[in-house]
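What follows is a short report on a single structure.
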Amino acid sequence: MEIVKDYLLHFSFLLFPIFLYQVFWLSKPDLLVPRANRLLVAVFAAASSLLCTAFPIQELHSVRYGLQLIPIIVCLLYSGTAAGLAAGAASVLFQLIWFEPSALFFLSLIPFLIIISIQLQTKWPFFSKRKKLIFALLIGCTEAALLTASVFIYSVTNFFNFQNLSSVYYEAGVSVFFQVSALLLCIYLIEIIDENASMRARLIHSEKMAVVSELAASVAHEVRNPLTVVRGFVQLLFSGDQLQDKSHVGYQKLVLSELDRAQTIITNYLDMAKQDDYEKERFDISLLVKETGSLMESYANFKSVTVTVRSEPDLYVFGDVKKLKQAFINLIKNSIEAVPSENGRIEVSVQKQEQMILIQITDNGIGMSDEELQKLGKPYYTLKTNGTGLGLTVTFSIIQHHEGSVYFTSGEHSGTTASVRLPAAVL
């Protein structure tokens, strides 16, 4: 029972930092969009690995072993190569400083960890929870097998003089079970916590949108009717002999353009207020995106921007064609307005990833900072001089009503990629 107690202690070393991360980062009231804090993850992973090393499960001829590799693997999968290797380097350095021979086992697995980060890092966020658990099972078994192989190699070469090799292999077998169980438990808890954080963010956003939509509907209808009357009388006032004065012609254009702008704002409000009115059907979204790209070509040519659409054929979704078309028009229009007037490029791609359809709109525009990315989709927030911020708000709402997601990746002066994921229609 002593070894079970030691493993339970190591499990607490692994799970406690995960709950701390939820408390100190994901539970922040101002963090509406859960984003990984890579530095905090690396620190917690390193601390967890160091604790597992400092309090080993058992010693076999000065060789300590435990679950110190698990937090490093988790850090690599969820925070990237830099954070994972930094946490791993801290753990190895700790073992080397204390002249710990078991650091050799750890170092022999570093190439395996690098391969994990390269092969799975970009695909990991798009895996389903079930697929992540399957990969975690495979990773845990492979890592445990490599650890057992290292024990065999070191024993054959007499690098470590194991007196009772059978007991070593028995403990290695027990270690395999706990290594795999620990990794599966960590991945499962992280996914559950991430789902809860995302659900909380969507709930807060939905509550805000409900309030804004109610106000939008009531205000927009009250304002639209007087504006229609004003527009008619303005046209009458500037008709006939009044148009002989050139300054009056300029006044007419200015007044009518501002009235049109007010009508556009009101239309955006009404679109936002009517988000429950959906007529869903099964259709080929690749054709819709191509049609939208062709529709926006004239506006792009006016801005001297090139729009390129690449799509896999026969990609079906279940949704409202008009609403989704409106969402893609908003996204492409924002990209066109963000790129420079010379050499501006917009690339739109549509492809299938497992059971989801991924639509990506990439531009070579001015990009956005992390702070600006956090505020995207909020009502009234805009980076345009004459914008209202309602276009993206409506777009976010449309995608969410289709059980999809939209997110942006960007950097200042390095362009922006808008990624929309929608469930593929079942045949």
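Quick notes
- Residue-span extension gain [Arg200 to Ser405] - 0.36 nm each, minus C-alpha spacing: 72.3 nm
- Relative contact order %, segment 281-423, counting alpha carbon pairs below 8 Å whose residues are six or more apart: 24
- Simple Cβ-charge dipole of segment 281-423, Lys/Arg +1 and Asp/Glu -1, about Cα centre, in debye nearest 20: 300
- GluC sites (Glu not before Pro) lying in DSSP loop within segment 320-349, provided at most 14 other Cβ fall within 10 Å: Glu342
- As computed over segment 281-423, the Cα convex hull volume per residue (Å³): 102
- Pairs exceeding 23 Å between alpha-carbon atoms, taken from Lys132/Lys322; Lys280/Lys352; Lys132/Lys352; Lys290/Lys323: Lys132/Lys322.
- Extension reserve of the Leu137-Asp284 stretch, reckoned as 0.36 nm per residue once the Cα distance is removed: 49.3 nm
- Residue exposure sequence - Thr81, Thr53 - by fewest surrounding Cβ within 10 Å: Thr81, Thr53
- Point-to-point label distance, Leu96-Ala36, nm (Cα→Cβ direction, 7 Å offset): 2.6
The numbers here are math on the coordinates, done by the rules we state, and not lab data. These numbers were taken from a predicted model, which means no experiment stands behind them. Cβ sites come from the backbone with ideal geometry, for glycine too, and all protein chains shown count toward neighbours.
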